[in-house]
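What follows is one structure encoded as structure tokens, with my remarks underneath.
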Amino acid sequence: MNVGRQTILSTERVRLTTWLPSDLQDLAELHADPVTMRFIGHGRPETVDEACSRIVEYRNEQGHRGWTKWRVEDNDGDMIGRAGFGESDAGRELAYALRPDHWNRGLATEIAEALVRWHLEHPPVGPASSSLCAYVEVGNQASVRVLEKVGFTFVDRRFYKGVTCDFFQFPAASRSRTV
Ligand SMILES: CC(C)(COP(=O)(O)OP(=O)(O)OC[C@H]1O[C@@H](n2cnc3c(N)ncnc32)[C@H](O)[C@@H]1OP(=O)(O)O)[C@@H](O)C(=O)NCCC(=O)NCCS
């Protein structure tokens with residue numbers, strides 16, 4: 001029984017939920033796959049210890065600020081990836097990674113659209129920038145395509161966390177005027 005698991009948002013085909021310590025095996029398998037990891041972090045598969053640190057970090061972030069990279073499950077409740085937000089020098093950063101057997105079915109696009117909506121409905125609290133951005137390592141065309149499909153704009157190419165990335169931003173929400 002998944003006592004304590006919260007659902008953050010649902011789409012037609014997936015749910016984004018918080019993490020439990022018992023999700024370690026699922027996350028470790030996702031991050032141990034060299035194909036999935038090619039354009040993430042150090043570009044190499046991660047160890048179980050690294051996955052363990054990630055779960056701790058995700059749970060801490062959820063606890064203290066209410067957003068993180070959440071667990072993605074399908075309609076059977078099986079974990080198929082992770083998606084949500086990290087914190088970057090340019091504000092909230094959209095992030096997603098799915099198991100390769102779920103690629104090219106429009107799932108990341110469906111998730112990214114839902115995350116953009118969530119971002120607009122839950123702007124970050126405090127002085128930090130409220131903009132939404134994404135960094136994509138050069139060569140990760142599938143991720144670029146997802147961003148284009150959900151309305152991100154290419155800004156420039158820059159060096160970020162040790163790799164050359166294409167930097168994207170989601171247009172700021174227009175402020176409504178009250179008369
Ligand atoms: C990036 C990722 C999340 C995309 O997930 P997905 O569910 O396959 O994405 P979607 O199906 O919604 O859309 C993928 C789009 O990219 C296109 N695409 C896929 N591979 C491509 C390639 N090598 N070159 C160009 N376009 C490509 C698809 O055709 C599709 O576009 P279309 O709808 O116009 O045909 C998935 O590949 C992944 O998890 N990769 C590993 C982790 C990762 O790199 N995360 C992003 C870090 S920035």
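The values are calculated or read from the model by the stated rules, or taken from the named source; none is laboratory data. Model, not experiment: these values are computed from the prediction. Please note: Cβ atoms are built from the backbone with ideal geometry, for glycine as well, and neighbour counts cover all protein chains shown.
For (1) at pLDDT below 95; (2) of a type in the set (Val, Ile, Thr); (3) touching a Pro at 6+ places or on another chain (Cβ under 8 Å), each residue gets a yes or a no:
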position: 20; (1), (2), (3): no, no, no
position: 31; (1), (2), (3): no, no, yes
position: 48; (1), (2), (3): no, yes, no
position: 66; (1), (2), (3): no, no, no
position: 72; (1), (2), (3): no, yes, no
position: 76; (1), (2), (3): no, no, no
position: 100; (1), (2), (3): no, no, no
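Among residues belonging to the range 128-155 that are in contact with a Lys or Arg (Cβ under 9 Å, 6 or more places away or on another chain) and near the ligand (Cβ under 7 Å from one of its atoms), point out the one that is nearest to residue 94 (Cα to Cα). Give the steps one after another, and end with the answer.
Keep residues of the range 128-155 that are in contact with a Lys or Arg (Cβ under 9 Å, 6 or more places away or on another chain), which gives 128-133, 135, 137-140.
When the remaining residues are screened for being near the ligand (Cβ under 7 Å from one of its atoms), the result is 135, 137, 140.
Numbers: 135: 8, 137: 13, 140: 15 Å.
If we take residues in the range 128-155 being in contact with a Lys or Arg (Cβ under 9 Å, 6 or more places away or on another chain) and near the ligand (Cβ under 7 Å from one of its atoms), then 135 is nearest to residue 94 (Cα to Cα).
Considering (1) more than 10 Å from the ligand (Cβ to nearest atom); (2) without any contact (Cβ under 8 Å) to a residue 12 or more places away in the chain, say which one residue 71 fails and leave the rest.
It is condition (2) that residue 71 fails.
Suppose we filter 66, 126, 77 for residues that are over 18 Å from residue 40 (Cα atoms), exposed (fewer than 14 other Cβ atoms within 10 Å of the Cβ) and in contact (Cβ under 8 Å) with a residue 24 or more places away in the chain; which single one remains?
Working: 126 fails: in contact (Cβ under 8 Å) with a residue 24 or more places away in the chain; 77 fails: in contact (Cβ under 8 Å) with a residue 24 or more places away in the chain.
None of the other options fit; the residue is 66.
Quick check on the range 28-40: of everything there that is part of a loop (DSSP other than H, G, I, E, B) and surrounded by 14 or more Cβ atoms within 10 Å (Cβ to Cβ), which residue is farthest from the ligand (Cβ to nearest atom)? Working first, answer last.
Here is the first cut: in the range 28-40, the ones part of a loop (DSSP other than H, G, I, E, B) are 32-33, 38-40.
With surrounded by 14 or more Cβ atoms within 10 Å (Cβ to Cβ) added as a condition, the list becomes 32-33, 39-40.
Details: 32: 13, 33: 9, 39: 4, 40: 5 Å.
Only one residue tops the list, namely 32.
If the requirement is being modelled with pLDDT under 95 and hydrophobic (A, V, I, L, M, F, W, C), which of these qualifies: 146, 125? Before the answer, list the steps.
Details: 146 fails: modelled with pLDDT under 95.
Matching residue, one of 146, 125: 125.
Can you tell me which of (1) within 30 Å of residue 158 (Cα to Cα); (2) more than 16 Å from the ligand (Cβ to nearest atom); (3) among the β-branched types (Val, Ile, Thr) is the one residue 7 doesn't meet?
Just one mismatch for residue 7, condition (1).
Can you name the residue in the range 156-168 that is hydrophobic (A, V, I, L, M, F, W, C) and more than 9 Å from the ligand (Cβ to nearest atom) and, of all such residues, is surrounded by the fewest Cβ atoms within 10 Å (Cβ to Cβ)? If you could, list the steps in order and put the result at the bottom.
The first filter runs over the range 156-168 and keeps only residues hydrophobic (A, V, I, L, M, F, W, C), leaving 159, 163, 165, 167-168.
In the following step, the residues that additionally are more than 9 Å from the ligand (Cβ to nearest atom) were identified as 159, 163, 167-168.
Working: 159: 8, 163: 15, 167: 18, 168: 24.
Ranking the candidates gives 159 first.
With the condition kept exactly as written, say whether any residue in the range 108-127 is away from the ligand (no atom under 14 Å from the Cβ), in contact with a His (Cβ under 9 Å, 6 or more places away or on another chain) and farther than 22 Å from residue 80 by Cα. If you could, list the steps in order and put the result at the bottom.
Filtering the range 108-127 for residues away from the ligand (no atom under 14 Å from the Cβ) gives 117-127.
Right, trim to in contact with a His (Cβ under 9 Å, 6 or more places away or on another chain) and you get none.
There is no residue in the range 108-127 that is away from the ligand (no atom under 14 Å from the Cβ), in contact with a His (Cβ under 9 Å, 6 or more places away or on another chain) and farther than 22 Å from residue 80 by Cα.
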